[in-house]
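Asks: Before anything else, here's the structure in question.
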Amino acid sequence: MSDYAIKNISDLEDSAVRFGLSPQVEARFGRSALEARKGGFSYQKLEPNYRQGFGQIHADQEEIYVIIGGGGRMKVGDEIVDVRRLDAIRVAPQTPRAFEAGPDGIELLAFGAGESGDAQTIPDFWPESASAT
């Protein structure tokens, strides 16, 4: 393993295709591609007005999300908050989260610290009363 690695995000596999989330979602993960040992990242893009169909939670991993384009809403625990370009959001382990794109879609980078593979999905995460934007 070298002292550094460079990969263009667009060259990483779009995992959303494999998980049946495409074309509404694009999801590219860089931990393995960069041979990272202590952290990782993902690039995610949601089409306009698309809401993630599930929430997720991490057992031990803290994550930081940075909105790099567009905006929308994020459900964090029981709260729904507006997010916009250049917002950075830290989410503690054990806190459920999910995104909903606004009319311009949303692009974000997610940075995780710790071991990978500790994520669990939460079906029916959004309340019925939280209509899509």
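The values are calculated or read from the model by the stated rules, or taken from the named source; none is laboratory data. Because the structure is predicted, anything quoted here is derived from the model rather than measured. When we count neighbours, we look across all protein chains shown, and the Cβ atoms used for this are built from the backbone with ideal geometry, even at glycine. Only protein heavy atoms, including side chains, enter the accessible area calculation; ligands, DNA and RNA are left aside. Shrake-Rupley method; radii C 1.70, N 1.55, O 1.52, S 1.80 Å.
Asks: What number of residues within the stretch 68-82 are within 19 Å of GLY53 (Cβ to Cβ) and touching an Asp or Glu at 6+ places or on another chain (Cβ under 6 Å)?
Replies: So the count comes out to 3.
Asks: Hey, among the residues in the stretch 60-76 that are within 15 Å of the chain's Cα centre (by Cα) and at pLDDT below 95, which one's most open to solvent (accessible area, probe 1.4 Å)?
Replies: Selected residue: GLU62.
Asks: Please indicate, with yes or no, whether at least one residue in the stretch 32-45 is on the phi < 0 side of the Ramachandran plot, modelled with pLDDT of 95 or more and open to solvent by 60 Å² or more (accessible area, probe 1.4 Å).
Replies: Yes, that holds for at least one residue.
Asks: A further question follows. Within the stretch 19-67, track down each residue that is closer than 21 Å to ALA101 by Cβ and not in a strand (DSSP E or B).
Replies: Those that are closer than 21 Å to ALA101 by Cβ and not in a strand (DSSP E or B): PHE19, GLY20, LEU21, SER22, PRO23, GLN24, GLU47, PRO48, ASN49, TYR50, GLN52, GLY53.
Asks: When both residues are 6+ apart or on different chains and their Cβ atoms are under 6 Å apart, which pairs have a first residue that lies in the stretch 1-13 and is closer than 16 Å to GLY39 by Cβ, and a second that is open to solvent by 100 Å² or more (accessible area, probe 1.4 Å) and among the hydroxyl-bearing types (Ser, Thr, Tyr)?
Replies: So the pair list comes out empty.
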